[in-house]
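The values are calculated or read from the model by the stated rules, or taken from the named source; none is laboratory data. What you see is a predicted model, and the numbers here were worked out from it, not measured in a lab. Here the Cβ is made from the backbone with ideal geometry for all residues, glycine too, and neighbour counts use every protein chain on show.
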């Protein structure tokens, strides 16, 4: 099944206005925003949807009250949609919507949507770096630092679920939807990649007690580490609270910077994730700080030599 990855995450929240402002400040492009919610897009059209938690069009919440109400996956074509509908229809209700998408619950109770992907093709420049011993890519008299750089998230990267039964949850995505395990934290759960992408993971399952079931974080890919650091600094300057980072993960290799959010989940910037095909052999290790990050910085105020370090 050629599932590409998450096209949209739909949240039902208490404070719609704060969530609308947060996602705008994060850098997503506001679409159809009102007091009832809105859609906030990356450059390729993948997005976050915000609605009030009492919106009757939303799927029912998890018993824990998690604000994520639906994960919508993009697929390659109508044929894949029919494959998924036939497979999931064997043992659960599959709802068909007027827009052609389908909806069902996974084995943990998370609401899933599937649609022919809305992702727009992107053609954007690489990060241009001058490195000793390599070809001078940036060129003579070309400035690398731009304080006014326009930084917009490029695409929805991944989501992390807290689940009470990691083995059952993993079996559903692997056996029913064709996801592959990229790597595994033996005491937490797997990093999962659907067949339609080479990204290290679009879903990470973390085993937790039932009362914690929900979403830990989601993230969008930025163009490069420089964008991540600059976007994160701007976010902090707007008054948002850094939770973890900036740093770089070991599994997936992606740069990261996590922030607290009014949606009750953490929201991450990421950049430069590993790509894998089916020849990759998954690694397995017990999670710890040493294997979670190669390095982790702490943001400090601007400083210059001879200045006050405080």
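Within segment 159-176, if we keep just the residues that are in contact (Cβ under 8 Å) with a residue 12 or more places away in the chain and out of contact with any strand residue (DSSP E or B) (no Cβ under 6 Å at 6 or more places or on another chain), the residue that is surrounded by the most Cβ atoms within 10 Å (Cβ to Cβ) turns out to be 172.
Taken together, the residues in segment 91-139 that are assigned to a loop (DSSP other than H, G, I, E, B) and over 23 Å from residue 163 (Cα atoms) amount to 28. Go through segment 153-168 and report how many residues are part of a loop (DSSP other than H, G, I, E, B) and either over 25 Å from residue 3 (Cβ atoms) or in contact with a helix residue (DSSP H, G or I) (Cβ under 8 Å, 6 or more places away or on another chain) (or both). Residues flagged as part of a loop (DSSP other than H, G, I, E, B) and either over 25 Å from residue 3 (Cβ atoms) or in contact with a helix residue (DSSP H, G or I) (Cβ under 8 Å, 6 or more places away or on another chain) (or both) within segment 153-168 amount to 2. Mind telling me which of the residues 278, 270 ends up being touching a strand residue (DSSP E or B) at 6+ places or on another chain (Cβ under 9 Å), surrounded by 14 or more Cβ atoms within 10 Å (Cβ to Cβ) and either part of a helix (DSSP H, G or I) or modelled with pLDDT of 95 or more (or both)? Being touching a strand residue (DSSP E or B) at 6+ places or on another chain (Cβ under 9 Å), surrounded by 14 or more Cβ atoms within 10 Å (Cβ to Cβ) and either part of a helix (DSSP H, G or I) or modelled with pLDDT of 95 or more (or both) holds for just one of 278, 270, which is 270. For segment 221-229, the condition of being touching a strand residue (DSSP E or B) at 6+ places or on another chain (Cβ under 7 Å), surrounded by 23 or more Cβ atoms within 10 Å (Cβ to Cβ) and either in a strand (DSSP E or B) or without any contact (Cβ under 8 Å) to a residue 40 or more places away in the chain (or both) holds for at least one residue. Screening the candidates 236, 291 for the property of being over 26 Å from residue 200 (Cα atoms), touching a residue at least 40 places away in the same chain (Cβ under 8 Å) and in a helix (DSSP H, G or I) yields one hit, 236.
Each row is one residue, and each column tells you yes or no for (1) surrounded by 15 or more Cβ atoms within 10 Å (Cβ to Cβ); (2) in contact with a helix residue (DSSP H, G or I) (Cβ under 6 Å, 6 or more places away or on another chain); (3) modelled with pLDDT of 95 or more; (4) more than 18 Å from residue 261 (Cβ to Cβ).
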site	(1), (2), (3), (4)
1	yes, yes, no, yes
16	yes, no, yes, no
20	yes, no, yes, no
39	yes, no, yes, no
50	yes, yes, yes, no
66	yes, no, yes, no
80	yes, no, yes, yes
84	yes, no, yes, yes
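Comparison of 84, 48 shows that the only residue that is assigned to a helix (DSSP H, G or I) and under 23 Å from residue 203 (Cα atoms) is 84.
Residue 243 meets each of the listed conditions (1) under 16 Å from residue 216 (Cβ atoms); (2) surrounded by fewer than 15 Cβ atoms within 10 Å (Cβ to Cβ); (3) more than 18 Å from the chain's Cα centre (by Cα) apart from (3).
Residues in segment 239-267 that are assigned to a strand (DSSP E or B) and closer than 29 Å to residue 64 by Cβ: 242, 243, 244, 245, 247, 249, 256, 257, 258, 259, 266, 267.
Scanning segment 185-204 for residues that are crowded, with 22+ Cβ neighbours inside 10 Å and either modelled with pLDDT under 95 or more than 13 Å from the chain's Cα centre (by Cα) (or both) yields 185, 189, 190, 194. Screening residue 57 with (1) in a strand (DSSP E or B); (2) without any contact (Cβ under 8 Å) to a residue 12 or more places away in the chain; (3) more than 20 Å from the chain's Cα centre (by Cα) gives one miss only, at (1). Under the condition of being under 18 Å from residue 70 (Cβ atoms) and within 16 Å of the chain's Cα centre (by Cα), the residues counted in segment 5-41 number 12.
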